[in-house]
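Asks: Have a look at this one before I ask anything.
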Ligand SMILES: [Zn+2]
């Protein structure tokens, strides 16, 4: 799995930071999470295969998280897209985009399928052979949700010595990869565990969008490999952060610690942060494996 940071800034795009968006690549599948203004330009700058995106997840309906969507929808139309585009969001987006399309693009070249999820509880919103996506509630000024993407475990690997010793019928191999025991021909079953090894491990990425500090978030993302968490204010401004429905750097790190995450990337950085070094160090004191998001950065999560 690869995670591309497309916009790491809060509220307004600046020369150095776009507003919220990340792209996720899982083998041949591409997903987009949030789509702030300018996201389609960022995708071109950072070599994201934007034509391959079939699923877009929107965390909440503040403008810096979805105002790039109308432009992207229009661009796909100009390129004569035919494949359906699936958009997942809390309720409200379908009517906003629907009105816009009716006025400006009544003959869209492709279908948009809206999946408005119930935002109050965690549940699965997308499941494929290769990965699953679940959403979970955050605590913000408007309804806001996080996402957890988890790849499927690979099939079990058949030990070469089993093939050499037993020379099994080819038609049985697929079943063995899926966990079947092997009938040895003398009426005995050889257990799958003795003739196979574990397949590729599942890897996971969590995107925690705009939220106040809420320890219960950690329960939804336990042991996640890579956590992208908003951190809008420095530790000294915890009261301001709370009043605006955001987190400080130390609070983002506390969630990573509580979740037992492998790595933390802090994004949604306010242009008002004076010293990014101090800001980062506040988090590292709580959770050492922390970095600051930067536009164009790519994180690879290896199985
Ligand atoms: Zn927001």
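Asks: Could you identify the single residue in 283, 218, 214 that is at pLDDT 95 or above, out of contact with any strand residue (DSSP E or B) (no Cβ under 8 Å at 6 or more places or on another chain), buried (at least 18 other Cβ atoms within 10 Å of the Cβ) and over 23 Å from residue 15 (Cβ atoms)?
Replies: None of the others qualify; the one that does is 218.
Asks: Which number in (1) assigned to a strand (DSSP E or B); (2) closer than 23 Å to residue 302 by Cα marks the one condition that residue 48 misses?
Replies: Result: residue 48 fails condition (1) only.
Asks: Examine region 199-206 for a residue that is touching a residue at least 40 places away in the same chain (Cβ under 8 Å), closer than 29 Å to residue 16 by Cβ, within 16 Å of the ligand (Cβ to nearest atom) and out of contact with any helix residue (DSSP H, G or I) (no Cβ under 6 Å at 6 or more places or on another chain), and state whether such a residue exists.
Replies: Checking region 199-206: not a single residue is touching a residue at least 40 places away in the same chain (Cβ under 8 Å), closer than 29 Å to residue 16 by Cβ, within 16 Å of the ligand (Cβ to nearest atom) and out of contact with any helix residue (DSSP H, G or I) (no Cβ under 6 Å at 6 or more places or on another chain).
Asks: Continuing with the same structure: Specify which of the listed residues (13, 70) is surrounded by 14 or more Cβ atoms within 10 Å (Cβ to Cβ) and at pLDDT below 95.
Replies: Going through 13, 70 in turn, the sole match is 13.
Per-residue answers, yes or no, for (1) modelled with pLDDT of 95 or more; (2) crowded, with 16+ Cβ neighbours inside 10 Å; (3) out of contact with any strand residue (DSSP E or B) (no Cβ under 9 Å at 6 or more places or on another chain):
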{"position": "52", "(1), (2), (3)": "yes, no, no"}
{"position": "56", "(1), (2), (3)": "yes, yes, no"}
{"position": "65", "(1), (2), (3)": "yes, yes, no"}
{"position": "78", "(1), (2), (3)": "yes, no, yes"}
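Asks: Taking region 122-139 as the search range and keeping residues that are touching a helix residue (DSSP H, G or I) at 6+ places or on another chain (Cβ under 9 Å) and outside any strand (DSSP E or B), which one is farthest from residue 60 (Cα to Cα)?
Replies: If we take residues in region 122-139 being touching a helix residue (DSSP H, G or I) at 6+ places or on another chain (Cβ under 9 Å) and outside any strand (DSSP E or B), then 122 is farthest from residue 60 (Cα to Cα).
Asks: Just to be sure before I move on: is residue 87 within 27 Å of residue 246 (Cα to Cα) and either within 16 Å of the ligand (Cβ to nearest atom) or assigned to a loop (DSSP other than H, G, I, E, B) (or both) in the structure I sent?
Replies: Considered against the rule, which asks whether it is within 27 Å of residue 246 (Cα to Cα) and either within 16 Å of the ligand (Cβ to nearest atom) or assigned to a loop (DSSP other than H, G, I, E, B) (or both), residue 87 comes out as no.
Asks: Now a separate question. Somewhere in region 23-44, is a residue assigned to a strand (DSSP E or B), modelled with pLDDT of 95 or more, under 30 Å from residue 154 (Cβ atoms) and in contact with a helix residue (DSSP H, G or I) (Cβ under 7 Å, 6 or more places away or on another chain)?
Replies: There is at least one residue in region 23-44 that is assigned to a strand (DSSP E or B), modelled with pLDDT of 95 or more, under 30 Å from residue 154 (Cβ atoms) and in contact with a helix residue (DSSP H, G or I) (Cβ under 7 Å, 6 or more places away or on another chain).
Asks: Considering only region 140-155, state which residues are touching a helix residue (DSSP H, G or I) at 6+ places or on another chain (Cβ under 6 Å) and at pLDDT below 95.
Replies: Within region 140-155, 155 is the sole residue that qualifies.
Asks: Mind telling me which of the residues 63, 68 ends up being touching a helix residue (DSSP H, G or I) at 6+ places or on another chain (Cβ under 6 Å) and either within 16 Å of the ligand (Cβ to nearest atom) or without any contact (Cβ under 8 Å) to a residue 12 or more places away in the chain (or both)?
Replies: The conditions single out 68.
Asks: Looking at (1) away from the ligand (no atom under 16 Å from the Cβ); (2) touching a strand residue (DSSP E or B) at 6+ places or on another chain (Cβ under 9 Å); (3) farther than 15 Å from residue 66 by Cβ, can you tell me which one residue 112 breaks?
Replies: The number of the failed condition is (3).
Asks: Scan 288, 303, 271 and give me the residue that is under 26 Å from residue 65 (Cα atoms), exposed (fewer than 14 other Cβ atoms within 10 Å of the Cβ) and out of contact with any helix residue (DSSP H, G or I) (no Cβ under 6 Å at 6 or more places or on another chain).
Replies: None of the others qualify; the one that does is 271.
Asks: Would you mind finding the one in 187, 146, 175, 154 that is closer than 30 Å to residue 227 by Cβ and away from the ligand (no atom under 16 Å from the Cβ)?
Replies: Every option except 154 fails the conditions.
Asks: Quick test for you: out of 106, 119, pick the one residue that is in a loop (DSSP other than H, G, I, E, B), at negative phi, within 16 Å of the ligand (Cβ to nearest atom) and free of Cβ contacts under 8 Å to residues at least 40 places away in the same chain.
Replies: The unique qualifying residue is 119.
Asks: Another question about this same structure. Give the number of residues within region 156-169 that are assigned to a loop (DSSP other than H, G, I, E, B) and either out of contact with any strand residue (DSSP E or B) (no Cβ under 9 Å at 6 or more places or on another chain) or buried (at least 16 other Cβ atoms within 10 Å of the Cβ) (or both).
Replies: 4
The values are calculated or read from the model by the stated rules, or taken from the named source; none is laboratory data. This is a predicted model, so every value here is computed, not measured. Please note: Cβ atoms are built from the backbone with ideal geometry, for glycine as well, and neighbour counts cover all protein chains shown.
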